[in-house]
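Asks: Could you have a look at this structure, given as structure tokens, before my questions?
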Amino acid sequence: MGVLRSEFSEAGLASGAFRAAIVKKFLMRLRLKLQMKRLISWSMLLVVFFSAVFGLADLKPVQALPLNRAVLAMPVLAVTSSVNEADAKRAEVKDKVDLNNSGVRSFLDMPGMYPTIARKIIANAPYESLDDVYSIPGLSEKQKEIIGKYADRLTATSQSEALTYGGDRINNGIYR
């Protein structure tokens, strides 16, 4: 702006002429913006018009095929199971904690079990049955009582590679 003012002052134009030149420049820019908006609006209108005239926009209602028709007659190329090994094992144990496949954090909602007893249970796995847990070396009578208290929430199934992969059930990277 200072450069324009100095050019105008050198040309001998008064400050009123300077203001008029600025206003004129502003109006030209505004007119250009309006022309661009108008151009975009007209071009959008033409696109809609031509798509309607030449059938680019099909405005017919769409209906779904009944299930008893062609959909069921299509050949099936392959059927795969949607349940993987880990999900199948979790479904097998339901709401219980599987002593052979669970991580330490599975024992969080059992006061007294987490982390000490849970760590001992996991370190000595696998178990054939729940009774095998009571024979863990170094388990005190108090700890056996705590395990007995939650016996109805514990189970022992066969070990699954999908749930014990990596061998680190103490810190398996699953955090809440």
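Asks: Name the residue, out of Ala52, Ala20, that is on the phi < 0 side of the Ramachandran plot and at pLDDT below 75.
Replies: Ala52
Asks: Which members of segment 104-127 meet the condition of being farther than 22 Å from Ser158 by Cα and small (Gly, Ala, Ser)?
Replies: Gly112 - this is the single residue of segment 104-127 that is farther than 22 Å from Ser158 by Cα and small (Gly, Ala, Ser).
The values are calculated or read from the model by the stated rules, or taken from the named source; none is laboratory data. Everything quoted here is computed from the prediction, not taken from an experiment.
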